[in-house]
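First up is the structure itself, then whatever we jot down about it.
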Amino acid sequence: MAEGVARLPRTPWAWTVATVFGTGFLKPAAGTWGSLVAVLLWLVYNFLVAPSPPALRAATLLAALLALVSGIPAASLVERESGREDPGHVVIDEVAGQWIALLAFCGYGRANWGHALLALVLFRVFDIWKPAPVRQLEALHGGTGIMMDDVAAGVYALLVGALLDALVGHWW
């Protein structure tokens, strides 16, 4: 931060949500850590609750929507308070996008580590590659831009994951 520029105080709830309880400060590759948290929470929920496939799909979609709805204002505040555009420590966007990617694999009775790993790889590839219109969504203002490019990457990963599952799902 430039000398003489006053730093804004931190809004605790926003920093907690945006960094996913501090996960965004892990190095290296904070975004990958955020994605891993999302995958691990999904697997733990699936193993502990053992929901039916429709219930897992509904819970995963609800979690992604909650991350999106809480992430936009939280990311906006953290961006402003940190004085940096799209700060790397904001990882709630990766959590939302990763949960969207996992929707492709909610049709099974129990969590499958292979499916979770595939969803993780697909999401990270699309999040890093940012094919159109993913990259263009970053231009949206504040938390909306921070969140929406990862939502779009999650949708790409969801579509490719669902296609792969339809083509070769019976082998795994």
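The values are calculated or read from the model by the stated rules, or taken from the named source; none is laboratory data. Because the structure is a prediction, the values reported are computed rather than measured. Virtual Cβ from ideal backbone geometry, glycine too; neighbours counted across all protein chains shown.
Tabulated data
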| item | result |
| --- | --- |
| Residue among T11, T60 that alone is touching a Cys at 6+ places or on another chain (Cβ under 6 Å) and either in contact (Cβ under 8 Å) with a residue 24 or more places away in the chain or farther than 25 Å from V125 by Cα (or both) | T60 |
| Any chance G114 is at pLDDT below 95, over 16 Å from the mean Cα position of the chain (by Cα) and in a helix (DSSP H, G or I) | yes |
| Tally of residues being closer than 25 Å to S52 by Cα, modelled with pLDDT of 95 or more and surrounded by 24 or more Cβ atoms within 10 Å (Cβ to Cβ) across the range 78-111 | 8 |
| Test: residue in the range 28-47 that is in contact with a His (Cβ under 7 Å, 6 or more places away or on another chain), assigned to a loop (DSSP other than H, G, I, E, B), farther than 20 Å from H115 by Cα and in contact (Cβ under 8 Å) with a residue 60 or more places away in the chain | no |
| Test result for V20, among the aliphatic types (A, V, I, L, M), at pLDDT 95 or above and in a loop (DSSP other than H, G, I, E, B) | yes |
| Residue pairs meeting the criteria (Cβ under 7 Å; at least 6 apart or on separate chains; first at pLDDT below 95 and of a type in the set (D, E, K, R), in the range 138-167; second in a helix (DSSP H, G or I) and surrounded by fewer than 22 Cβ atoms within 10 Å (Cβ to Cβ)) | E138/G145 |
| From the options T23, T16, T11, residue that is in contact with a Gly (Cβ under 7 Å, 6 or more places away or on another chain) and of a type in the set (S, T, Y) | T23 |
| Test: residue in the range 120-133 that is under 24 Å from V69 (Cα atoms), touching a Leu at 6+ places or on another chain (Cβ under 9 Å) and either aliphatic (A, V, I, L, M) or without any contact (Cβ under 8 Å) to a residue 12 or more places away in the chain (or both) | yes |
| Residue match in the range 3-15 (condition: closer than 21 Å to M148 by Cβ, among the aromatic types (F, W, Y) and at pLDDT 95 or above) | yes |
| Test: residue in the range 35-47 that is in contact with a Ser or Thr (Cβ under 6 Å, 6 or more places away or on another chain) and at negative phi | yes |
| Index of the failed condition, H89 passing every other in (1) touching a residue at least 60 places away in the same chain (Cβ under 8 Å); (2) out of contact with any Phe, Trp or Tyr (no Cβ under 9 Å at 6 or more places or on another chain); (3) not in a helix (DSSP H, G or I) | (2) |
